[in-house]
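K.L.:
Have a look at this one before I ask anything.
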Amino acid sequence: GSLRGRHSRVPRAEGRAPGSMAGQLHPPAMGGRTAWGVSEVHSRPTDDPTDLLKIQQAQKEFAAREQQRLNRLKEMDRSAEDILEARRQRKASFELTKINVEEFKKKQADALRRLQEAKEKRRLEKKQKKKDNPDHKKAKKVKKKKKKKKESSSSSSESESSSSSSSSESEAVKKREDKKRKAEIEEPPKPKSKAEEAVEAEAKRRAEEIKAKEKEIKRKAKEQLALWEAEQKRKEAEAEAKRQMEAKKKADEAEAKRQAEARRKAEEADSKRQADAAEAARKKAEADARRELFQTGATRRAQEAASRRKAELAERGLGNPVAGGYYEKQRVMAARDITVKGNLVVKAGTPGIIVGPSETDPAQRIAVAFTMRADGGEGNLNCVPKELKKG
């Protein structure tokens with residue numbers, strides 16, 4: 001079928017053949033809706049098929065771009081809330097970077113110092129090299145002379161091979177330059193006019209003004225920098241003081257909370273202990289009451305005798321009975337020398353007082369506090385009854 005369209009033909013591009021349509025193609029706008037040079041195909045029998053295919057391809061690309069643009073708009077419309085939320089989060093989490101001016105100055109000063117040290121090191125090495133090798137400079141001069149001589153010989157050979165006209169012209173130029181140089185040397189400098197002096201004075205004044213302005217700008221910049229640094233230090237000090245105050249407040253609150261908790265626990269433990277003691281006393285009283293109900297006459301008489309015996313011992317200053325028929329707080333003395341692992345601890349006849357039953361063997365041993373020990377030790381000594389006698 002024919003590729004002829006319904007609309008009017010597109011004018012041919014200037015400078016193209018009448019049957020060519022390549023002049024209609026232009027690069028379209030990237031991603032936009034504009035399609036420069038994209039139109040329907042209007043062909044003639046004389047048109048180039050390659051150009052027609054190019055136009056058709058451009059139309060297809062434009063349609064695909066338009067569809068992609070519409071899809072992007074739909075996707076953005078669907079995810080508008082997500083985009084706004086992501087932007088809010090980025091804005092909220094944005095942190096302004098802070099540059100430490102003193103640290104930056106220190107780094108720059110260190111870099112400059114290293115450069116100066118490297119430069120001074122190279123200079124000293126070069127000086128030492130010249131001192132160590134004094135013939136090096138002479139050799140260098142001789143080498144330069146040889147090179148100049150070689151260049152001059154090559155230039156002279158080239159000049160000899162050149163035409164005579166060029167040599168005559170170069171000689172004439174040299175003569176004119178020599179003449180001009182001599183005239184400049186012989187001619188005294190001309191005095192400057194007032195206008196030239198005024199121009200020079202004005203230029204000098206402007207240079208001084210520019211220099212003064214630069215100094216003023218630098219001074220103001222330094223003042224602003226100093227003010228900014230002072231403000232930064234003040235803010236940092238305030239932040240540090242605030243941080244310390246908050247830390248102290250938190251520590252005080254934690255300490256008060258801990259003390260209140262400790263008091264509460266102590267009060268609870270004390271109340272629990274009192275309740276336990278009251279409960280134990282109540283149970284003991286109940287048990288004693290029940291025991292009294294079922295006591296026989298012999299049991300009652302035995303208890304009464306025990307209480308009388310205890311009262312008598314108390315009157316004599318003695319305590320509870322211990323092993324061997326002795327009593328607490330009773331005065332005794334060593335019946336013989338007492339040794340521990342072959343070492344003499346207490347000599348025979350040393351007086352002492354019974355403290356009570358031995359903690360390790362209360363049924364067989366007695367804890368005695370002797371007035372003096374042969375080994376120089378201190379503390380009670382656990383003895384068997386046969387090692388003691390009444391004092």
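K.L.:
For the condition open to solvent by less than 60 Å² (accessible area, probe 1.4 Å) and part of a helix (DSSP H, G or I), what is the one hit in Ala374, Ala311?
P.N.:
Residue meeting the stated conditions: Ala311.
K.L.:
So Ala207 passes all but one of these: (1) more than 27 Å from Val101 (Cβ to Cβ); (2) open to solvent by 100 Å² or more (accessible area, probe 1.4 Å). Which condition number does it fail?
P.N.:
Looking at each condition in turn, Ala207 falls short on (2).
K.L.:
Quick check: is even one residue across region 96-107 out of contact with any Phe, Trp or Tyr (no Cβ under 6 Å at 6 or more places or on another chain), among the aromatic types (Phe, Trp, Tyr) and modelled with pLDDT under 85?
P.N.:
Among the residues of region 96-107, at least one is out of contact with any Phe, Trp or Tyr (no Cβ under 6 Å at 6 or more places or on another chain), among the aromatic types (Phe, Trp, Tyr) and modelled with pLDDT under 85, which makes the answer yes.
K.L.:
From the list Arg300, Arg291, Arg331, which residue is of a type outside the set (Gly, Ala, Ser), open to solvent by 60 Å² or more (accessible area, probe 1.4 Å) and touching a Gly at 6+ places or on another chain (Cβ under 9 Å)?
P.N.:
Arg331
K.L.:
Is it the case, given these coordinates, that Thr339 is exposed (fewer than 15 other Cβ atoms within 10 Å of the Cβ) and within 15 Å of Asn382 (Cα to Cα)?
P.N.:
It is true that Thr339 is exposed (fewer than 15 other Cβ atoms within 10 Å of the Cβ) and within 15 Å of Asn382 (Cα to Cα).
K.L.:
Got at least one residue in region 249-258 being of a type in the set (Lys, Arg), surrounded by 10 or more Cβ atoms within 10 Å (Cβ to Cβ) and either touching a residue at least 60 places away in the same chain (Cβ under 8 Å) or within 30 Å of Val101 (Cα to Cα) (or both)?
P.N.:
no
K.L.:
Would you confirm, using the coordinates I've provided, whether Ala363 is part of a loop (DSSP other than H, G, I, E, B) and open to solvent by 30 Å² or more (accessible area, probe 1.4 Å)?
P.N.:
yes
K.L.:
Among the residues of region 155-167, are any in a helix (DSSP H, G or I), surrounded by 10 or more Cβ atoms within 10 Å (Cβ to Cβ) and at pLDDT 75 or above?
P.N.:
Checked against the condition, which is being in a helix (DSSP H, G or I), surrounded by 10 or more Cβ atoms within 10 Å (Cβ to Cβ) and at pLDDT 75 or above, region 155-167 yields no hits at all.
K.L.:
Separate question: Please go through region 214-245 and pick out each residue that is within 22 Å of the chain's Cα centre (by Cα) and either farther than 25 Å from Glu102 by Cβ or of a type in the set (S, T, N, Q) (or both).
P.N.:
Result: Gln232, Gln244.
K.L.:
Taking the options Glu229, Glu240, name whichever one is in a helix (DSSP H, G or I), touching a residue at least 12 places away in the same chain (Cβ under 8 Å) and not small (Gly, Ala, Ser).
P.N.:
Answer to the selection: Glu229.
K.L.:
Residue by residue through region 314-328, note down the ones that are surrounded by 11 or more Cβ atoms within 10 Å (Cβ to Cβ) and acidic (Asp, Glu).
P.N.:
Glu328, the sole residue that qualifies.
The values are calculated or read from the model by the stated rules, or taken from the named source; none is laboratory data. Since we're looking at a predicted model, the values are computed, not measured. Cβ: placed from backbone, ideal geometry, glycine included. Neighbour counts: every protein chain shown. Heads up: the accessible areas ignore ligands, DNA and RNA and are worked out on the full protein's heavy atoms, side chains in. Shrake-Rupley method; radii C 1.70, N 1.55, O 1.52, S 1.80 Å.
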